[in-house]
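See structure below.
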Amino acid sequence: MQTEHTGLKRHLKVRHIRLMALGSTIGVGLFLGSASAIQIAGPSILLGYLLAGLVAFIVLRTLGEMAVHEPVAGSFAAYANSYVGPLAGYMVGWGYWTYWIVVGIAEVTAVGIYMGIWFPETPQWIWALSSILMMGLINLIAVKVFGEFEFWFALIKVVAIVAMIALGGSVILFGFTNDWQPIGLSNLWQHGGFFPNGISGMLLSLQMVLFAYVGIEMIGLSAGEAEDPQKTIPMAIDSLAWRILIFYMGAILVILAIFPWNQVGQQGSPFVVMFERLGLREAAGLINFVVITAALSSCNAGIFSGGRLLYSLSSNGYAPKSFSKLSKYGVPHRAVMSTVGVCMTGVVLNYFVPDKAFQYMMAAVTFIGLMVWIAILITQIKFRRSLSKSQVAQLAYRAPWWPYSSWFALAFIALVVVLMGFHEDARIALIVGPCLLGVYLVMFYVAGLHRKTASKCDFK
């Protein structure tokens with residue numbers, strides 16, 4: 001087992017970790033990005049969410065297997081370093097840090113979009129700036145305080161989603177707000193059938209669907225600060241997978257049953273429009289607040305994750321040493337502040353291209369997130385192969401259906417990456433993403449890290 005850096009405080013309880021993982025995952029990908037996916041796939045988007053949910057579950061369990069065995073702050077960057085090689089650990093670490101930077105930008109962009117509904121005269125970049133600063137301050141406090149903030153942030157949107165599913169279900173089954181005339185599920189196959197744009201429509205929507213799931217892997221980063229990680233991590237993972245699937249499938253099913261799919265997304269978030277359609281304008285305003293909270297929650301989780309990644313990279317010589325300094329509260333404050341500083345590029349983006357900022361960020365997030373998922377799966381395959389049969393039998397928490405599940409997930413993700421080339425807004429990510437990874441690769445050799453890490457196999 002890898003040695004653990006003792007500077008970080010183990011103050012995160014299982015309820016914190018569960019809600020942190022939910023908070024980092026349930027963001028604007030569901031509330032805002034789902035509309036674009038529905039326009040492409042129609043009702044078959046439900047099948048897309050199911051398939052993507054299965055792949056996300058496999059990734060989560062493979063990560064959980066390693067996280068329970070070796071609960072370190074560096075998480076999958078540490079595992080890639082140990083079982084694939086120092087270059088892999090370096091690339092995964094910096095790639096995932098970049099991923100959370102882009103997530104932060106995407107989420108604060110969403111905050112600006114939704115605050116614009118209430119304050120149309122205020123420029124979008126103002127809200128982006130204030131959101132980043134507020135979340136940065138929260139992250140500079142002790143991790144226990146961050147955990148509490150994230151717990152309540154995430155709880156708000158979970159309660160809202162459950163309430164929306166319950167209300168939507170009452171409309172579908174009993175006709176609530178529709179003169180007690182049940183709407184039923186006929187909208188799922190009317191208006192062109194379940195596959196109105198064919199199988200290709202469902203396939204082309206997968207990159208947007210996966211965007212909604214990317215972020216679950218941050219549960220691994222919490223292992224280094226979790227109380228009793230051998231117990232809390234499995235509990236959090238097992239509950240997280242099915243909860244997210246139910247929330248996503250339930251929410252999308254309700255929307256598609258109440259609205260014809262070709263009307264979804266024409267007037268903003270389908271969640272807000274649904275309540276307005278039902279005559280509950282006050283509830284629509286509440287959902288707008290929930291969406292803003294969801295975006296802030298994901299941004300908050302992003303700054304936390306980015307700070308921990310930068311801290312781990314620094315601790316292992318892959319980033320400037322100053323980023324490994326901890327405050328008296330056990331927070332890597334310099335790493336957090338640097339992460340916040342880079343997130344400020346989102347303010348610039350929202351100033352110059354406010355209309356396209358979210359689409360660009362969503363595509364970039366999906367590409368980098370999928371690269372991280374691929375790294376997790378490959379690392380876990382290497383990890384398993386490094387163990388003897390007796391060691392495998394002693395694993396406290398194991399990924400199911402191995403190795404077939406891992407190879408299936410890898411094939412699915414590879415398909416989605418290829419399909420991104422057929423989507424205009426996603427295509428730019430296939431250019432920018434590899435270029436960025438190329439820059440990190442050049443830095444690895446220019447900085448001489450290949451010589452420093454030639455005999456290095458531990459990553460904290």
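The values are calculated or read from the model by the stated rules, or taken from the named source; none is laboratory data. This is a predicted model, so every value here is computed, not measured. Methodologically, a virtual Cβ is constructed for each residue, glycine included, from the backbone with ideal geometry; neighbour enumeration extends over all protein chains shown.
Scanning segment 78-96 for residues that are touching a Leu at 6+ places or on another chain (Cβ under 7 Å) and either closer than 26 Å to W401 by Cβ or crowded, with 24+ Cβ neighbours inside 10 Å (or both) gives Y90, G93, Y96.
Out of the residues in segment 97-122 that are of a type in the set (S, T, N, Q) and either crowded, with 24+ Cβ neighbours inside 10 Å or assigned to a loop (DSSP other than H, G, I, E, B) (or both), state the one that is modelled with the highest pLDDT. This residue is T122. Go through the residues of segment 330-347 one by one and say whether even a single one is under 20 Å from the mean Cα position of the chain (by Cα), surrounded by fewer than 20 Cβ atoms within 10 Å (Cβ to Cβ), of a type outside the set (F, W, Y) and in a helix (DSSP H, G or I). So far as segment 330-347 goes, yes, one or more of its residues are under 20 Å from the mean Cα position of the chain (by Cα), surrounded by fewer than 20 Cβ atoms within 10 Å (Cβ to Cβ), of a type outside the set (F, W, Y) and in a helix (DSSP H, G or I). Just one of the listed residues (A241, A212) is in contact with a Gly (Cβ under 6 Å, 6 or more places away or on another chain), of a type in the set (G, A, S) and crowded, with 17+ Cβ neighbours inside 10 Å, namely A212.
Would a scan of segment 232-252 turn up a residue that is modelled with pLDDT under 75 and in a loop (DSSP other than H, G, I, E, B)? Checked segment 232-252: no residue is modelled with pLDDT under 75 and in a loop (DSSP other than H, G, I, E, B). Looking at segment 137-180, which of its residues are in contact (Cβ under 8 Å) with a residue 12 or more places away in the chain, among the small types (G, A, S) and over 21 Å from N288 (Cβ atoms)? Matches in segment 137-180: A142, G147, G169. A search for C-beta distances below 6 Å between a residue of segment 333-352 that is without any contact (Cβ under 8 Å) to a residue 40 or more places away in the chain and within 12 Å of S322 (Cβ to Cβ) and any residue that is surrounded by 16 or more Cβ atoms within 10 Å (Cβ to Cβ) and hydrophobic (A, V, I, L, M, F, W, C), counting only pairs 6+ apart in sequence or on different chains, returns R334/F323; A335/L310; A335/F323. Within the set Y440, Y445, the sole residue that is at pLDDT 80 or above, assigned to a helix (DSSP H, G or I), loosely packed, with under 15 Cβ neighbours inside 10 Å and of a type in the set (S, T, Y) turns out to be Y445.
Looking at segment 82-93, is at least one residue outside any helix (DSSP H, G or I) and among the aliphatic types (A, V, I, L, M)?
In the first step, residues of segment 82-93 are kept if they are outside any helix (DSSP H, G or I); the result is 84-85.
Next, from what is left, pick out any that are among the aliphatic types (A, V, I, L, M): 84.
The answer is yes; a qualifying residue exists.
Residue under question is I58, and the condition is that it be over 21 Å from I368 (Cα atoms), crowded, with 24+ Cβ neighbours inside 10 Å and not small (G, A, S); does it hold? When the stated conditions are applied, I58 does not pass them.
Listed by position, the helices (runs of 4 or more DSSP H) inside segment 4-77 whose residues that are over 19 Å from the mean Cα position of the chain (by Cα) and modelled with pLDDT of 75 or more number at least 1 are 33-41, 45-69.
Scanning segment 133-142 for residues that are touching a helix residue (DSSP H, G or I) at 6+ places or on another chain (Cβ under 8 Å) and surrounded by fewer than 24 Cβ atoms within 10 Å (Cβ to Cβ) gives L133, M134, G136, I138, L140.
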